[in-house]
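Bear in mind these aren't lab numbers, they're just calculated from the coordinates by the rules spelled out. As the structure is a computational prediction, the values presented were derived from the model and not from experiment. No Cβ is skipped: glycine too gets one built from the backbone with ideal geometry, and neighbour counts run over all protein chains shown.
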Amino acid sequence: MFKKEMSKAELTELTVAYLKEQGACEVGVVTKETLAGGPPSTDLEYVLTDAASALSFAVPLDEEKVSSFLSKKDHAGHQEDNIHTGFFITGLAVGLASYLDQIGYLSHGVDSNIVYRKDTPRGSRDFKPDISHRYLAVRSGVGWLGFSGNIITPSHGASVLLGSVVTTAELEPTNPLPEDKKYCDECRLCFAACTSHLMDKEEQSIVTMGGMEFSYQKRRSYHRCDLVCGGFTGLSERGKWSTWSPGRFPIPDDDHEFRGALVEATQAWLKRPAIEDGGFRHPQSPGGRKLNFTCGNCQLVCHPDKEERNRRFKLLSGSGVVIQHADGSIEAVKPDKARAHLDALDDEQRALYERI
Ligand code: SF4
Ligand code: SF4
């Protein structure tokens with residue numbers, strides 16, 4: 001079989017350049033050694049026998065569309081950008097993997113999102129990724145792990161999507177970013193922007209890879225994010241603003257109550273008119289219905305520039321409350337107008353959006 005003989009340094013330079021030339025803002029490299037002792041989702045051989053290394057990369061989201069999404073001026077623009085950037089990343093990962101394969105180094109492009117292990121007790125319903133882009137990214141210096149647990153990059157903060165290419169090629173690993181340069185000052189705007197309260201207030205999670213420790217705020221039940229980021233509900237605690245979801249079902253304090261909360265909110269969601277401005281298909285979506293991006297706030301508010309971070313949070317907290325019209329369209333209005341809109345509905349219609 002043809003193999004283009006190249007040194008480790010040459011192969012590393014080539015693969016990093018390949019990704020940067022196509023729009024990656026940050027690129028790093030991990031190896032089996034730098035990932036040693038990490039969680040199961042850092043096992044490169046899970047996706048490729050004899051894997052030796054992986055490239056991790058980030059592609060920025062459109063920042064103007066992020067602002068319009070947070071301020072509730074435009075839903076479709078960021079949703080479309082997010083979906084298409086994800087598909088672009090998957091395509092870029094497959095492109096580099098095929099290129100490496102053609103020159104003699106078997107490789108695997110990891111999907112950017114929505115691919116889960118099938119060999120866990122509940123299969124893809126356990127939402128366990130085959131490879132964790134986040135862990136590869138923090139270990140290789142693509143970004144730091146912020147308080148939120150999201151990857152925060154020096155160039156675009158957390159408003160990026162991540163990709164990975166696993167390869168049998170031996171590459172030179174890159175170092176994690178220096179801790180003393182990490183811009184996360186625990187401002188907790190990500191926490192304030194999350195109506196589901198996914199992040200634990202006190203406890204941290206620590207992950208160890210290749211003898212190095214990385215920490216972020218412990219995540220409570222992932223059903224919290226399923227309930228809100230899934231688009232089923234999203235009103236903030238004081239009712240002053242919401243996600244792009246028109247639902248306002250209660251968000252329990254106790255993690256154990258989330259199964260019931262999810263059933264209640266998804267049953268109502270299934271009967272609502274469809275939001276006709278895009279969306280995406282998810283294999284675990286209730287009823288096989290298309291989902292919409294309604295949140296991502298913890299990620300979208302976080303920017304390296306503190307003023308910009310504050311500005312984004314202000315956009316969100318002043319953005320109003322989303323209601324849905326009979327034709328399925330959604331609109332953000334002042335909280336009292338949203339209340340009046342719901343009060344004017346008959347009980348059957350109102351029950352699609354809140355507990356009555
Ligand atoms: S929003 Fe603030 S606390 Fe959260 S990750 Fe970003 S900088 Fe850290
Ligand atoms: S995506 Fe939304 S619901 Fe999920 S953790 Fe982030 S802010 Fe919370």
Distance (nanometres) between label positions extended 7 Å along Cα→Cβ at Lys314 and Thr208
4.5
Pairs to check: Lys290/Lys334; Lys20/Lys73; Lys128/Lys290; Lys8/Lys218; Lys271/Lys334; Lys73/Lys201. Give those whose C-alpha atoms are more than 29 Å from each other in this structure.
Lys20/Lys73; Lys8/Lys218; Lys73/Lys201
In nanometres, the difference between 0.36 nm per residue of separation and the alpha-carbon distance of Ala17 and His282 is 92.2 nm
Write out the GluC sites (Glu not before Pro) in region 1-95 meeting two conditions: DSSP loop, and at most 11 other Cβ atoms within 10 Å of their Cβ.
Glu5
Taking a label point 7 Å from the Cα of Lys240 along Cα-to-Cβ, the residues of region 320-334 whose backbone nitrogen sits under 13 Å from it are 320-321
What are the GluC sites (Glu not before Pro) within region 115-212 that DSSP puts in a loop, where the Cβ has at most 13 other Cβ atoms within 10 Å?
Glu186
Considering just Cα atoms, how many Å³ per residue does the convex hull of region 202-242 enclose?
100
Give the lysines whose C-alpha is closer than 17 Å to that of Lys182, dropping any in the same chain fewer than 8 places away, or say none.
Lys306
Assuming R0 = 25 Å, can you tell me the calculated FRET efficiency for the pair Lys118 and Phe87, based on Cβ-Cβ distance, to the nearest 0.05?
0.70
I'd like the FRET efficiency for Lys290 and Gln102, computed as 1/(1 + (r/R0)^6) with the beta carbon distance as r and R0 of 35 Å, rounded to 0.05.
0.45
Rounded, prolate or oblate for region 1-46? Axes are the square roots of the Cα gyration tensor eigenvalues, ordered a ≥ b ≥ c, and the cut-off for rounded is a/c under 1.5.
oblate
Along the Cα→Cβ direction, 7 angstrom out, place labels at Arg219 and Arg339. What is the inter-label distance in nm?
3.5
Taking a ≥ b ≥ c as the square roots of the eigenvalues of the Cα gyration tensor, with a/c under 1.5 meaning rounded and otherwise prolate when a/b exceeds b/c and oblate if not, region 52-190 is prolate
Karplus-derived 3J(HN,Hα) from phi for region 49-65 (6.51 cos²θ - 1.76 cosθ + 1.60, θ = phi - 60°), whole Hz, x at Gly and Pro, runs 4, 6, 4, 10, 8, 8, 9, 10, 8, 10, 10, x, 8, 6, 5, 5, 5
Contour minus Cα-Cα distance for Lys181 and Lys271 (0.36 nm per residue)
27.5 nm
Approximate spin-label separation Arg355-Val263, in nm, with each point projected 7 Å along Cα-to-Cβ:
1.4
Which residue fluctuates the most in the chain, going by a Gaussian network model with Cα springs under 10 Å, if the choices are Asp255, Asp327, Asp180?
Asp180
Using only Cα atoms, locate the centre of region 31-86 and the centre of region 88-149, then give the distance between them in Å, rounded to an integer.
8
Write down the radius of gyration of region 8-350 and its Dmax, each obtained from C-alpha positions, in Å.
20.5, 68
